[in-house]
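Student: Sending over a structure as structure tokens; questions will come in a sec.
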Amino acid sequence: MKTWKKVLIGIGVALVLVIIVSITVYQSHKNLVTVQTGKAQKQNLASLVSASGEIKPKTYVNIGANAFGKIVKLHVREGDRVKKGQLLAQLENVQSAADVNATRASLQASETDSVAADAGMKTAMADLNRAKSDEARAKLDYERAQGLYRDQLIAKQEYDAKKAAWESADAGVAQALARVAQGKAQKDSSDKRITQNSANLTRVSDVLRKTTYEAPFDGVITNLPVREGETVVIGIQNSPGSTLMTLADMSVITSEVKVDETDIVNVKLGQSADVTIDAIPRKIFRGTVTEIGNNAIVRSTGVATSQQSSTSQEAKDFKVVVTLTDPPPDLRPGLSSTAKITTATRSSVLSSPIQALTIRSRADLEKPSEKDAVKAASAPVDATKQKEEVQGVFVIRNNKAEFLPVETGISGTTDIEITKGLQESDEVITGSYKVLRTLKPGTSVKIDNSAPKKEEESN
């Protein structure tokens with residue numbers, strides 16, 4: 001055989017071998033799925049609830065108008081630190097001061113009348129005692145005259161005179177008793193006028209006192225919306241009154257946040273929290289949960305559900321107050337803040353990346369041979385059981401995806417506790433999301449943990 005024929009035969013054999021190998025490789029990669037993986041490993045986990053809100057002092061008060069009038073003097077400015085009892089503002093008080101002076105004069109006059117009534121009653125008592133003495137003497141004279149008249153020792157005229165004198169003295173006693181009763185009535189009336197004028201003085205003094213505003217506690221003036229010369233009014237029914245200023249005790253600072261209704265069941269008093277403030281970047285403040293609201297707040301309106309007449313299906317939040325442990329001195333109320341509350345911690349527990357968790361129905365987990373056996377069986381299939389969902393992860397066994405049902409515990413930021421179903425160092429499939437959504441047990445997989453493409457991330 002010539003050499004060129006041998007070369008052609010060798011080339012043909014090589015081409016056939018290349019074609020066979022290519023077809024084999026193509027068939028082997030035809031059903032291969034590219035996945036990303038992670039390791040199941042032991043680590044410390046912390047379950048966090050994140051919520052946003054604003055900085056607020058624990059104790060603050062809006063000092064509102066207690067009386068109608070014009071502001072004649074403001075003794076503080078916004079940002080001033082004040083002490084308890086310090087004078088803050090003064091309203092016009094000409095009329096209320098005049099009312100106090102007039103009522104005080106009336107009270108003094110009624111007290112003078114009471115003294116005079118008391119003296120008159122004492123005089124009436126003295127007259128009563130004298131009248132009783134005169135009546136007793138006249139009665140004795142009349143009784144002696146009766147005896148003498150029976151014995152014919154005095155004339156009828158003298159006897160009648162003694163009798164008339166006794167009756168006149170007895171009438172004097174009755175008159176003195178009436179004057180005593182009159183004196184007591186006048187004394188009671190003057191005492192009642194004293195009580196009435198004292199009450200009026202208390203009322204007008206309170207009105208006068210409400211024109212002067214003092215600090216109820218040590219704090220900082222955080223809001224001063226009024227100026228000298230403005231007129232303030234008190235609230236009437238549903239109309240709120242004027243607010244002169246806001247006084248806040250900045251010694252105890254809190255972050256008041258709104259926690260979603262799905263997370264509030266995990267939040268407890270005393271749990272620690274990390275608070276970040278937008279105005280102070282790259283700094284974390286420690287805090288503790290000190291208050292948890294009992295009423296849900298509708299997210300769109302900010303109104304508590306207990307204040308609504310109808311039910312609402314909107315998303316709801318609950319107020320949670322986190323007290324900062326060591327707040328900075330220059331912190332201002334109203335600053336936006338975010339609190340990350342630690343609701344649970346676990347030490348050295350087996351965990352898996354959260355994105356590895358997936359859900360499959362029992363029908364999806366059946367192998368083809370099992371499905372054929374079910375179809376061939378005469379017994380009817382329980383459709384409800386077939387639709388039952390199972391939580392689990394896909395692990396790699398012999399370059400194939402195998403679904404393992406798992407039981408979970410607390411969730412961290414990126415990992416979740418696995419209490420049953422996995423072993424340490426198991427390689428679990430974490431992505432991509434599109435692959436996990438459609439992956440079936442037994443599928444051949446290829447591991448590629450390089451950075452995903454942008455289109456895969458968008459999916």
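Student: Among the listed pairs Lys73/Lys210; Lys340/Lys434; Lys39/Lys434; Lys83/Lys283, which are separated by more than 24 Å between their Cα atoms?
Tutor: Over 24 Å apart, Cα to Cα: Lys340/Lys434; Lys83/Lys283.
Student: Counting only protein heavy atoms and a 1.4 Å probe, tell me what percentage of the stretch 44-114's accessible area is made up of carbon and sulfur. Intermediate values should be presented prior to the final figure.
Tutor: On the way: 1860 of 4150 Å².
Result for the stretch 44-114: 45 percent of the exposed heavy-atom area is carbon or sulfur.
Student: Something else: Report the gain in length on full extension from Ser205 to Ala109: 0.36 nm times residue separation, minus Cα-Cα distance, nm rounded to one decimal. Don't skip to the answer; put the middle values down first.
Tutor: Values: separation 96, 0.36 × 96 = 34.56 nm, distance 1.80 nm.
Extra length from Ser205 to Ala109 when fully extended: 32.8 nm.
Student: Taking only Cα atoms, what is the 0 to 90° angle, nearest 10, from helix 3-29's long axis to the longest principal axis of the chain?
Tutor: 20
Student: Let me ask something else. Mind pulling up the Rg/Rh value for the stretch 231-366? Radius of gyration and Kirkwood radius, both on Cα.
Tutor: 1.11
Student: For the stretch 118-263, what percent of Cα pairs sit more than 28 Å apart? Don't skip to the answer; put the middle values down first.
Tutor: Numbers: 6754 of 10585 pairs.
Roughly 64 percent, rounded to a whole number.
Student: How large is log10 I(q)/I(0) at q = 0.26, 0.33 Å⁻¹ when the Debye formula is applied to the Cα atoms of the stretch 51-94, each weighted equally and without solvent?
Tutor: -1.15, -1.34
Student: Roughly how many nanometres apart are two label points built 7 Å out from the Cα toward the Cβ at Gln86 and Ala315?
Tutor: Label-label distance for Gln86 and Ala315, simple model: 4.3 nm.
Student: Under a straight-distance cross-link criterion of Cα-Cα below 17 Å, which aspartates and glutamates are reachable from Lys319, leaving out those fewer than 8 residues away in the same chain?
Tutor: Qualifying aspartates and glutamates at Cα under 17 Å: Glu54, Glu256, Asp260, Glu261, Asp263, Asp274, Glu291.
Student: Quick one: check the C-alpha center-to-center distance for the stretch 310-351 versus the stretch 237-255, whole angstrom.
Tutor: Each part reduced to its Cα centre gives a spacing of 23 Å.
Student: State log₁₀ I(q)/I(0) for the chain at q = 0.06 Å⁻¹ as given by the Debye formula over alpha-carbon point scatterers of equal weight, solvent excluded.
Tutor: The computed values of log10 I(q)/I(0) come out as -0.64.
Student: Another one. Averaging sequence separations of C-alpha pairs under 8 Å and six or more residues apart, then dividing by the length of the stretch 128-265, give the relative contact order as a whole percent.
Tutor: Numbers: 81 pairs, mean separation 25.0, N = 138.
Worked out over the stretch 128-265, it gives 18 percent.
Student: Something else: How big is the dipole moment of the chain about its Cα centre under a simple scheme where the beta carbon of each Lys and Arg is +1, that of each Asp and Glu is -1, and everything else is neutral? Debye, nearest 20, please.
Tutor: Numbers: 61 positive and 55 negative charges, 362 e Å.
Result for the chain is approximately 1740 debye, rounded to the nearest 20.
Student: Give me P(r) over the stretch 56-160, computed from all C-alpha to C-alpha distances, binned every 10 Å, as integer percentages.
Tutor: 10, 17, 13, 11, 10, 9, 8, 7, 7, 6, 2
The values are calculated or read from the model by the stated rules, or taken from the named source; none is laboratory data. None of the values given here were measured: they were computed from a predicted structure. Every residue, glycine as well, gets a Cβ built from its backbone with ideal geometry; the counts of neighbours run over all protein chains shown. Just so you know, the surface numbers come from the protein's heavy atoms only, side chains and all, with ligands and any DNA or RNA stripped out. Shrake-Rupley method; radii C 1.70, N 1.55, O 1.52, S 1.80 Å.
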